[in-house]
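Peer 1: Structure incoming, see below.
The values are calculated or read from the model by the stated rules, or taken from the named source; none is laboratory data. Just so it is clear, the structure is predicted and the values come from calculations on it, not from any experiment. Neighbour counts run over all protein chains shown; Cβ positions are idealised from the backbone, glycine included. Only protein heavy atoms, including side chains, enter the accessible area calculation; ligands, DNA and RNA are left aside. Shrake-Rupley method; radii C 1.70, N 1.55, O 1.52, S 1.80 Å.
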Amino acid sequence: MSNYPSLSFEIFPPNTQVGEEKIYTTLKGLQGLKPDFISVTCSNRQKNIEDTTLKLADYIQKELGISSIAHLPAAYLTKAQVDKILTQLDELGINQLLALRGDIVEGFEPTHDFQYASDLTSYVKEKAPHFQVTGACYPEVHPESINRIADINNLKKKVDAGCDRLITQLFFDNDLFYNFQESCQLAGIEVPILAGIMPIVNRNQALRLLNTTQTKLPRKFLAILDRYENDPVSLKAAGLAYGIDQIVDLTTQGVSGIHLYTMNNAQVAKHIYENTAPLFKKEEASLQEKQDKIFLTKLEELLAV
Ligand code: FAD
């Protein structure tokens, strides 16, 4: 079997001096895990993207030799600004981006050059067709959508505009992902969908999620939070095991790829990797393929005699 899933990581540019120093140690830690790519987030009203997202994406590609993807939320960008960013990315040799609309912030009027991520996608594909464009998707429906059907129809528009693959919002219930995948298939969305997984390793992180996302938390997951409320070591162990369990199930069911929301924590990514690496084992897979080919060639030679 050669269709092993991809493994990729998301990191975010730190906004403190300490974080700035730490991020390079984190990235070096991630390098050893040989991900297929690392994506770098971008704040939706970012003024100096070259000092944050682009700088890190460049470091990942040039210094670590790992393919990088720059996130680009465009609601607050003009076409001229996007042109400039595309040129900068091209100069850095980065030809992949995650095309996003980004959240609309109350009291701040968007530019209206890119109303939806699909507008940015078609713009990039027209201006720079050699770029690979990834899009975001929402197994639990985007919060602004009126329903699942409308959301999937809009996603289809984004894919038709030129999205080459999709990465999901994080989720904790794999069944929601499988239902979403099925809806995508029915809608004719055929690009690979990478599953976004965030291992929960501390209570604050879990509480933040509870307050800020509408992600459904399964009973099994809530039980971990309840049971280990005052036991951070056990909470971390159980949270990591939960993430690994999700990944094992997803890869077994043939997911195209796992995109790990690392929260800039290389230790967590390493733990997950060490416990799941064979599921992503491409080198061994291609070795096996080579051996199979040699065997078949020899067999053909023998049969020809
Ligand atoms: P869109 O695809 O434009 O969708 C937004 C809403 O509009 C949806 O409800 C959709 O159904 C609807 N819609 C889309 N097209 C149409 C249409 N033609 N007609 C009518 N309705 C339509 N945010 C950041 O600021 N920075 C990041 O780095 C970042 N990274 C992310 C990475 C991933 C993998 C994900 C899943 C999200 C990320 N986000 C990021 C958050 C994202 O920007 C928000 O969820 C935002 O609200 C929507 O962005 P989008 O690109 O998905 O928007």
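Peer 1: Report yes if GLY239 is at pLDDT 95 or above, of a type outside the set (Val, Ile, Thr), surrounded by 18 or more Cβ atoms within 10 Å (Cβ to Cβ) and within 13 Å of the ligand (Cβ to nearest atom), otherwise no. Let's see the steps before the verdict.
Peer 2: Working: at pLDDT 95 or above: yes; of a type outside the set (Val, Ile, Thr): yes; surrounded by 18 or more Cβ atoms within 10 Å (Cβ to Cβ): yes; within 13 Å of the ligand (Cβ to nearest atom): no.
No: the conditions fail for GLY239.
Peer 1: A follow-up question, please. Just give me the residues in the range 79-102 being over 19 Å from ALA161 (Cα atoms) and surrounded by 13 or more Cβ atoms within 10 Å (Cβ to Cβ), in sequence order. If you could, list the steps in order and put the result at the bottom.
Peer 2: The first filter runs over the range 79-102 and keeps only residues over 19 Å from ALA161 (Cα atoms), leaving 80-81, 84-85, 87-94.
Scanning the range 79-102 gives GLN81, LYS84, ILE85, GLN88, LEU89, ASP90, LEU92, ILE94.
Peer 1: Further question on the same structure: From the list GLN214, GLN246, exactly one residue is polar (S, T, N, Q) and at pLDDT below 95. Which is it?
Peer 2: Working: GLN246 fails: at pLDDT below 95.
None of the other options fit; the residue is GLN214.
Peer 1: Please identify the pairs in which a residue from the range 98-116 that is more than 10 Å from the ligand (Cβ to nearest atom) and assigned to a loop (DSSP other than H, G, I, E, B) has its Cβ atom under 9 Å from the Cβ atom of a residue that is basic (Lys, Arg) and open to solvent by 100 Å² or more (accessible area, probe 1.4 Å), counting only partners at least 6 apart or on another chain.
Peer 2: none
Peer 1: I want to confirm something. Restricting to the range 8-54 and keeping residues that are within 15 Å of the ligand (Cβ to nearest atom) and hydroxyl-bearing (Ser, Thr, Tyr), which single residue is most open to solvent (accessible area, probe 1.4 Å)?
Peer 2: SER43
Peer 1: Further question: Check whether at least one residue in the range 71-83 is in contact with a strand residue (DSSP E or B) (Cβ under 6 Å, 6 or more places away or on another chain), free of Cβ contacts under 8 Å to residues at least 60 places away in the same chain and closer than 19 Å to ASP36 by Cβ, and report yes or no.
Peer 2: Checked the range 71-83: at least one residue is in contact with a strand residue (DSSP E or B) (Cβ under 6 Å, 6 or more places away or on another chain), free of Cβ contacts under 8 Å to residues at least 60 places away in the same chain and closer than 19 Å to ASP36 by Cβ.
Peer 1: Whether any residue in the range 160-173 is in a helix (DSSP H, G or I), more than 28 Å from ALA266 (Cβ to Cβ) and within 11 Å of the ligand (Cβ to nearest atom) is what I want to check. Spell out how you get there, then give the answer.
Peer 2: In the first step, residues of the range 160-173 are kept if they are in a helix (DSSP H, G or I); the result is 160.
Narrowing further to those that are more than 28 Å from ALA266 (Cβ to Cβ): 160.
The next check asks that each one be within 11 Å of the ligand (Cβ to nearest atom); those that pass are 160.
Yes.
Peer 1: Residues of the range 211-221 being assigned to a helix (DSSP H, G or I) and either in contact (Cβ under 8 Å) with a residue 60 or more places away in the chain or open to solvent by 80 Å² or more (accessible area, probe 1.4 Å) (or both), which ones?
Peer 2: In the first step, residues of the range 211-221 are kept if they are assigned to a helix (DSSP H, G or I); the result is 211-212, 219-221.
The answer is ASN211, THR212, ARG219, LYS220.
Peer 1: Can you tell me which residues in the range 124-159 are near the ligand (Cβ under 8 Å from one of its atoms) and among the small types (Gly, Ala, Ser)?
Peer 2: GLY135, ALA136, SER145, ALA150
Peer 1: While we're here: Tell me which residues, restricted to the range 33-61, are part of a helix (DSSP H, G or I), out of contact with any Cys (no Cβ under 8 Å at 6 or more places or on another chain) and at pLDDT 95 or above. If you could, list the steps in order and put the result at the bottom.
Peer 2: Taking the range 33-61 as the starting set, the residues that turn out to be part of a helix (DSSP H, G or I) are 49-51, 53-61.
Keeping just the survivors that are out of contact with any Cys (no Cβ under 8 Å at 6 or more places or on another chain) gives 50-51, 54-61.
Matches in the range 33-61: LEU54, LYS55, LEU56, ALA57, ASP58, TYR59, ILE60, GLN61.
Peer 1: Next question. If you check VAL191, VAL201, which single one turns out to be at pLDDT 95 or above, among the aliphatic types (A, V, I, L, M) and part of a loop (DSSP other than H, G, I, E, B)?
Peer 2: Working: VAL201 fails: at pLDDT 95 or above.
Only one candidate qualifies: VAL191.
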